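Visitor: So that we are looking at the same thing, I have put the structure below in C-alpha coordinates.
The values are calculated or read from the model by the stated rules, or taken from the named source; none is laboratory data. Every value quoted in this text rests on a predicted model; they were computed, and no experiment measured them. As a convention, Cβ positions derive from the backbone with ideal geometry for all residues, glycine included, and neighbour counts pool all protein chains shown. When the accessible area is computed, the model is the full protein with side chains, heavy atoms only, and any ligands, DNA or RNA have been set aside. Shrake-Rupley method; radii C 1.70, N 1.55, O 1.52, S 1.80 Å.
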Amino acid sequence: GCILDGKLYPFGEIARTENCFRCSCSQDAMRCCSLFHTPIGYDKENCKVVFNKKSCNYDVVQKSDPSKECVVYSRV
(Lines give C-alpha, C1' and ligand atoms only; values in the text may rest on other atoms or scores of the structure.)
Protein backbone atom coordinates (compact mmCIF):
# COMPACT_ATOMS: atom_id res chain seq x y z
CA GLY A 1 0.00 0.00 0.00
CA CYS A 2 0.90 3.67 0.31
CA ILE A 3 1.54 5.81 3.39
CA LEU A 4 0.14 9.34 3.57
CA ASP A 5 0.41 11.43 6.74
CA GLY A 6 1.43 8.31 8.68
CA LYS A 7 -1.62 6.28 7.61
CA LEU A 8 -1.44 3.19 5.39
CA TYR A 9 -3.81 3.09 2.41
CA PRO A 10 -4.36 0.07 0.12
CA PHE A 11 -3.32 -0.06 -3.55
CA GLY A 12 -5.96 1.33 -5.89
CA GLU A 13 -8.29 4.29 -5.70
CA ILE A 14 -8.92 6.09 -2.42
CA ALA A 15 -12.15 8.12 -2.63
CA ARG A 16 -11.35 10.32 0.38
CA THR A 17 -8.43 10.40 2.81
CA GLU A 18 -8.67 11.76 6.35
CA ASN A 19 -7.28 15.08 5.09
CA CYS A 20 -9.77 15.44 2.22
CA PHE A 21 -7.77 14.23 -0.75
CA ARG A 22 -8.71 11.76 -3.49
CA CYS A 23 -5.74 9.52 -4.27
CA SER A 24 -4.54 6.75 -6.50
CA CYS A 25 -2.04 4.37 -4.91
CA SER A 26 0.19 2.14 -7.06
CA GLN A 27 3.49 0.33 -6.53
CA ASP A 28 5.28 3.22 -8.29
CA ALA A 29 3.67 6.26 -6.71
CA MET A 30 0.79 7.85 -4.89
CA ARG A 31 -1.01 10.65 -6.72
CA CYS A 32 -3.49 12.86 -4.90
CA CYS A 33 -5.69 15.86 -5.59
CA SER A 34 -7.68 17.92 -3.15
CA LEU A 35 -11.44 17.64 -2.79
CA PHE A 36 -11.72 21.30 -1.80
CA HIS A 37 -11.27 24.72 -3.42
CA THR A 38 -9.63 27.65 -1.64
CA PRO A 39 -11.72 30.84 -1.43
CA ILE A 40 -9.94 33.92 -2.76
CA GLY A 41 -12.74 36.40 -3.50
CA TYR A 42 -14.42 37.46 -0.25
CA ASP A 43 -14.45 40.34 2.25
CA LYS A 44 -11.02 39.75 3.84
CA GLU A 45 -11.48 42.63 6.27
CA ASN A 46 -14.64 41.27 7.93
CA CYS A 47 -14.45 37.55 7.15
CA LYS A 48 -12.11 34.64 7.81
CA VAL A 49 -11.56 31.21 6.25
CA VAL A 50 -12.07 28.07 8.35
CA PHE A 51 -11.48 24.53 7.07
CA ASN A 52 -14.47 22.23 7.58
CA LYS A 53 -13.12 18.66 7.74
CA LYS A 54 -16.60 17.14 7.75
CA SER A 55 -17.59 18.66 4.39
CA CYS A 56 -14.01 18.79 3.01
CA ASN A 57 -14.37 22.43 2.15
CA TYR A 58 -13.47 25.90 3.39
CA ASP A 59 -16.18 27.92 5.14
CA VAL A 60 -15.93 31.69 5.00
CA VAL A 61 -17.47 33.20 8.12
CA GLN A 62 -17.75 36.60 9.76
CA LYS A 63 -14.91 37.43 12.14
CA SER A 64 -17.34 39.07 14.56
CA ASP A 65 -19.83 36.15 14.47
CA PRO A 66 -18.42 32.83 13.10
CA SER A 67 -21.94 31.34 13.02
CA LYS A 68 -22.74 33.61 10.04
CA GLU A 69 -21.35 32.85 6.59
CA CYS A 70 -19.89 35.41 4.20
CA VAL A 71 -20.43 35.63 0.46
CA VAL A 72 -17.61 34.05 -1.57
CA TYR A 73 -17.12 35.46 -5.08
CA SER A 74 -14.46 33.05 -6.33
CA ARG A 75 -12.47 29.93 -5.41
CA VAL A 76 -9.35 28.24 -6.81
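Visitor: Note down all Cβ pairs under 7 Å where the first residue falls in the range 23-42 and is within 13 Å of residue 60 (Cα to Cα) and of a type in the set (S, T, N, Q), the second is open to solvent by 40 Å² or more (accessible area, probe 1.4 Å) and modelled with pLDDT of 95 or more, and they're at least six residues apart or on different chains.
Guide: What qualifies is 38/58.
Visitor: Can you tell me which residue is most open to solvent (accessible area, probe 1.4 Å) among those in the range 58-76 that are in contact with a Lys or Arg (Cβ under 9 Å, 6 or more places away or on another chain) and not β-branched (Val, Ile, Thr)?
Guide: Here the residue is 63.
Visitor: Next up: Checking the structure you have, find out if any residue of the range 15-31 is at pLDDT below 95, exposed (fewer than 14 other Cβ atoms within 10 Å of the Cβ) and outside any loop (DSSP other than H, G, I, E, B).
Guide: Checked against the condition, which is being at pLDDT below 95, exposed (fewer than 14 other Cβ atoms within 10 Å of the Cβ) and outside any loop (DSSP other than H, G, I, E, B), the range 15-31 yields no hits at all.
Visitor: Within the range 34-57, which residues are at pLDDT below 95, more than 14 Å from residue 75 (Cα to Cα) and open to solvent by 80 Å² or more (accessible area, probe 1.4 Å)?
Guide: Across the range 34-57, the qualifying residues are 53, 54.
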